[in-house]
Amino acid sequence: MPPPAASSRYPSPSQPSGKSEVTDLKSQLRQLAGSRAPGVDDSKRDLFKKVISYMTIGIDVSSVFGEMVMCSATSDIVLKKMCYLYVGNYAKGNPDLSLLTINFLQRDCKDEDPMIRGLALRSLCSLRVPNLVEYLLGPLGSGLKDNNSYVRTIAVTGVLKLYHISASTCIDAEFPATLKSLMLHDSDAQVVANCLAALQEIWSLEASHSEEACREKESLLSKPLIYYFLNRIKEFNEWAQCLILELAVKYVPSDSNDIFDIMNLLEDRLQHANGAVVLATVKVFLQLTLSMTDVHQQVYERIKSPLLTLVSSGSPEQSYAILSHLHLLVVRAPFIFASDYKHFYCQYNEPSYVKKLKLEMLTAIANESNTYEIVTELCEYAANVDIEIARESIRAVGKIALQQYDVNAIVDRLLQFLEMEKDYVTAETLVLVKDLLRKHPQWSHDCISVVGGISSKNIQEPKAKAALIWMLGEYAQDMSDAPYILENLIENWEEEHSAEVRLHLLTAAMKCFFKRAPETQKALGIALAAGIADFHQDVHDRALFYYRVLQYDVHVAESVVSPPQQAVSAFADTQSSEIKDRIFDEFNSLSVIYQKPSYMFTDKEHRGPFEFSEELGSTSITPEVSSDIVPAQQFEANDKDLLLSTDEKDDNKGLSSNNCSAYTAPYESSNISSQMQELAISGPAASATTTQSSFDFDDLLGLGLSAAPAPTPSPPLLKLNPRASLDPRAFQQKWRQLPISLTQEYSVNPQGIAALTVPQSLIKHMQSHSIHCIASGGQSPNFKFFFFAQKEAEPSDYLTECIINSSSAKAQIKVKADDQSTSQAFATVFETALSKFGMP
Amino acid sequence: MLQCIFLLSDSGEVMLEKQLTGHRVDRSICAWFWDQADSFKSLPVIASPTHYLFQIVRDGITFLACTQVEMPPLMAIEFLCRVADVLSDYLGGLNEDLVKDNFIIVYELLDEMIDNGFPLTTEPNILREMIAPPNLVSKMLSVVTGNASNVSDTLPSGAGSCVPWRPTDPKYSSNEVYVDLVEEMDAIVNRDGELVKCEIYGEVQMSSQLTGFPDLTLSFANPSVLEDMRFHPCVRFRPWESHQVLSFVPPDGQFKLMSYRVKKLKNTPLYVKPQITSDSGTCRVSVLVGIRSDPGKTIESITLSFQLPHCVSSADLSSNHGTVTILSNKTCTWTIGRIPSDKTPCLSGTLALETGLERLHVYPTFKVGFKIMGIALSGLRIEKLDLKTIPPRLYKGFRAQTRAGEFDVRL
């Protein structure tokens, strides 16, 4: 739901409606404007204050613009500041009037007082009126040369503002070059930092259409420059340090000495009082050492303590941001906080958003050595006054139980929950017991005796009810009154509002019937009749299916509906490891908090100024997984039963094994679809050779993708290696290092656009032309792909970024190549391949 | 980077709006934000349909920042925290009236703290030189410091100096430097009376009024007790690494020199022994509080507070020492003060449960408060504070105190 457009609801009722007061102000200001009487500044201050307070409340006072400007001729600095504030707010809407202000602002830019010079320059640049940019050039130019650093600092930011108003004016005035020389030579750290920020932004925006800017952008990441910043990092204030650290993350070190040098330079930043600096440093450390396994592990040890301090010492909001990051680290290095689990114990007064993250942490770090203590602690929360936290902690106990091999003690705890007789505790526990039994059927004896004692009348929540019914069906032989409980529930079919519960009732009645036919027959009959009459499609269909199968042959029905139990060895994680890797690459960003890579949620349109980080930093290189990832809030819902539909999971894996040859993770689901998969793929799912068979597999799953490998097109000038391989990190590194050798735009034929509704089909199609996808993302209408290809004969790579806009039917490609002389030939191959996309 | 900052009152009214970039953020976003359900609204980072919002809440005022691009979330939150600190420092507190009365000052401050969405300087000492605090505070300041020219509209010299946290050349007739050890004890005691977790979070706070460019060295008698430290930017890292001494050029005025943690303490100064037995709809409550290990100084301002469970319909509680109050939101507070020498303070009485309930299933957590002056419970002791060049009329002072942070006793 977009925010309502009307913004007028917040002015409080006690405020004046505006009109008459504003007119009043207008005349009073007019009187003062020409006055030189003593004390006039004081009365002006009062009036200005009134104007600005109206503005703040949201009353439109733009009509006094002229008078405000007239009054602005003053030497009183507070008065000036108020005037600047006012002008900055309304200039954009009154371009004609703002011409008036330019005059006095320009005059102020030459004031004796550096503070006034600075403030005037800042206001001047903040007017953001496109047709007045020519007036900015002079003051900006002299501002950059001002002998006071305060003015220079503001002028540098002013250049960036100018760039956003009119890029060409900024470039033509050669401001970027001036900034570069300031960045390298200015004595003031803040000036240098602002230069860096401005240049990063300007060059990365320019880079798409100027080779020179592209080179300049790359040069920011050159070794001498990085060391220039890192060596003097302590001179910068904390925020500028963050900026420099973000730059350092993108630097590709030349060798391990380089890495150690940087880490030595930055080591003490981990002790900085500002959490943002600490976290940025942590990111540098983690990224630098990715390729050095031993050192990487040592880094985890080193960053542990500072991170824990941040969690416990800051405000709850800070803890929240840090805890979101810790979770990511635990996934990478489970041992890291294993002995520090007490840090994640919840204190009574903490806000629940912090408690929730702490519970997640406790779940994630539980291992053989600390499970007992953690579960004991979690059990204490089950009796917590905060019901939501009580529920979460029970779920946490359940998750830990599913992770562990030795669940003996945990089962007892879970069963104790059932004895607490709190409806929500019972409900949560039932769901968990169900999952536990699916994984560890050997516990059925202990659990069933307790579960059997629970009255189904006390359970209202659909999920819990469904869990109980599932157990009744599955363990009908062990629960003496299972058929009768089911019969009771079936009799109340009409009052059961949840389709999920009704589905489970049908299945449970079937299972119970096979085990205890005489007692269940009647109930099953009622259930099937009610089910077939049900208005819910799934319930109706399932009832009909059961009915027909039973009619066909009862034994067949039994083998279909109630085969011998099979333990589930591992539950599907709600988030694939690829996604987690990708988020890890975006450490210290919003992605971590939303638990999805930024391409899935940041708005492309507004990413303009930050393409620098966007280019490869955020669209990191990992095999693409289906993009319909549930938003963070919905994860919880999924967590409740710890189960994704396994079909869905396999879909993802099936597709991703196509995309990337490096991907050979073993499958771990023991249900039917994995058996099907064994049929389809013989041997390990090894890359290119299995392309054919994994298509079959997709077809088995009914994806209906018709994209069979097309015959290789008539021999093009350039021969590509169909079995090319490149690991994602190498790709990323290359992408950073190589210049763009070619940029082109093609049209995509309508069939291709139509086929693009399944972006994976393009990936397959290109692969059949020996162009392999390494990462992809985006949503309709904008899709983004990274491809690579290799020459047939020699190990010379072509890297391509391809952005397809499905509404304009255009594809924009950027090619980077080891051998630049052949990039045109490659582009031709690419275009030929792309033009055939979607053709039968 | 940040595109806009809003300050909202506790009723959701926009008190102040500061646009930072060319992308104007309509204030209707605040209305959207305010209408969200509480559990979602309280999150520090929120995705609205158009923007990502960061928020912190301080004394009823919501500081809301908006962005549309990816950025480090902690940076935004840290920055908002600094804004809140600086405002509360300037205005002498934070509330709706103070902000509304001084909105010009707030605008001025924000203007210097952030430009084009990127934070500039948030050092209170530097800001104080650029922007005069409101009259009352500045008057008080000039009385306290005896320095009438403290408040000026001139450019901060510190902004250009190589020590960004210090103005170039402050002058004082009497030179003073105070060091405070302020510690907070966080502890969890479980229902069996075992100490599950006990930690100290401590800060070394300083107040310095020293002429010129002083170079200080602070050393501890037992630095090895410290677990993990965070330092003010002025602290030099090498001397700490090699000799565990803090060597620094201090900012002018009050500041936090370092913060630290001390883990795994073995003991709390107080014990709290709660007992609740319930039978046929009534509960008997008794809570004993006493000294577990004598810290050697008086334990003051002892309080015990807890939330009565929802299912309690009425409570009748009294104590043999101190006062007991029960608020309408079922928060019960027992103010003990100091432990008397002749008896053990005891809170006792009965709770009546809602009809139909036999026993109590949900148990309260007791929050303990206390304060001990003159001692740092972590055992950390300051050895000495040296100045490289000793100015005339120097006065050095040391203090320590420990108070309860999050001290939970569970039942």
- request: Say whether the condition of being crowded, with 21+ Cβ neighbours inside 10 Å, at pLDDT 90 or above and in contact with a His (Cβ under 7 Å, 6 or more places away or on another chain) is met by at least one residue in the range A:315-336.
  value: no
message: Whether any residue in the range B:91-104 is free of Cβ contacts under 8 Å to residues at least 24 places away in the same chain, at the interface with another protein chain (Cβ under 7 Å from one of its Cβ atoms), part of a helix (DSSP H, G or I) and farther than 19 Å from residue B:133 by Cα is what I want to check.
response: no
Hits in the range A:237-269 (condition: in contact with a Pro (Cβ under 7 Å, 6 or more places away or on another chain) and more than 9 Å from chain B (Cβ to nearest Cβ)): A:259, A:262
task: Return a yes/no flag: does the range A:412-428 have any residue that is surrounded by 21 or more Cβ atoms within 10 Å (Cβ to Cβ) and in a loop (DSSP other than H, G, I, E, B).
output: no
message: Among the listed residues A:382, A:364, identify the single one that is within 24 Å of residue A:582 (Cβ to Cβ) and surrounded by 18 or more Cβ atoms within 10 Å (Cβ to Cβ).
response: A:364
query: How about the range A:39-58: which of its residues are within 12 Å of another protein chain (Cβ to nearest Cβ), touching a residue at least 24 places away in the same chain (Cβ under 8 Å) and on the phi < 0 side of the Ramachandran plot?
result: A:45, A:48, A:49, A:50, A:51, A:52, A:54, A:55, A:57
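Criterion first (at pLDDT 85 or above and either over 24 Å from residue A:57 (Cβ atoms) or assigned to a loop (DSSP other than H, G, I, E, B) (or both)) does residue B:16 satisfy it?
Values: at pLDDT 85 or above: yes; either over 24 Å from residue A:57 (Cβ atoms) or assigned to a loop (DSSP other than H, G, I, E, B) (or both): no.
Considered against the rule, which asks whether it is at pLDDT 85 or above and either over 24 Å from residue A:57 (Cβ atoms) or assigned to a loop (DSSP other than H, G, I, E, B) (or both), residue B:16 comes out as no.
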statement: Of the residues in the range B:46-57, those that are modelled with pLDDT of 90 or more and out of contact with any strand residue (DSSP E or B) (no Cβ under 6 Å at 6 or more places or on another chain) come to B:57
- line: Among residues of the range B:220-264 being among the aliphatic types (A, V, I, L, M) and within 24 Å of the chain's Cα centre (by Cα), the residue nearest to residue B:198 (Cα to Cα) is B:262
message: Among the residues that make up the range A:157-176, is at least one of them away from every other protein chain (no Cβ under 14 Å), outside any helix (DSSP H, G or I) and modelled with pLDDT under 90?
response: yes
message: So, residue A:213, is that one part of a helix (DSSP H, G or I), buried (at least 20 other Cβ atoms within 10 Å of the Cβ), out of contact with any Lys or Arg (no Cβ under 8 Å at 6 or more places or on another chain) and not polar (S, T, N, Q) or not?
response: no
message: Restricting to the range B:342-386, count the residues that are in contact with a strand residue (DSSP E or B) (Cβ under 6 Å, 6 or more places away or on another chain) and free of Cβ contacts under 8 Å to residues at least 60 places away in the same chain.
response: 5
query: For the range B:272-309, how many residues meet the condition of being closer than 13 Å to residue B:360 by Cβ and more than 30 Å from the chain's Cα centre (by Cα)?
result: 11
field: Selection count where residues are over 22 Å from the mean Cα position of the chain (by Cα) and either within 8 Å of chain B (Cβ to nearest Cβ) or closer than 11 Å to residue A:279 by Cβ (or both), scope the range A:299-313
entry: 8
task: Go through the range B:328-345 and give me each residue that's surrounded by 11 or more Cβ atoms within 10 Å (Cβ to Cβ) and either on the phi > 0 side of the Ramachandran plot or not in a strand (DSSP E or B) (or both).
output: B:330, B:337, B:338, B:339, B:340, B:344, B:345
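The values are calculated or read from the model by the stated rules, or taken from the named source; none is laboratory data. Source: prediction; values computed, not measured. For neighbour counting, all protein chains shown are included, and Cβ atoms are generated from backbone atoms with ideal geometry for every residue, glycine included.
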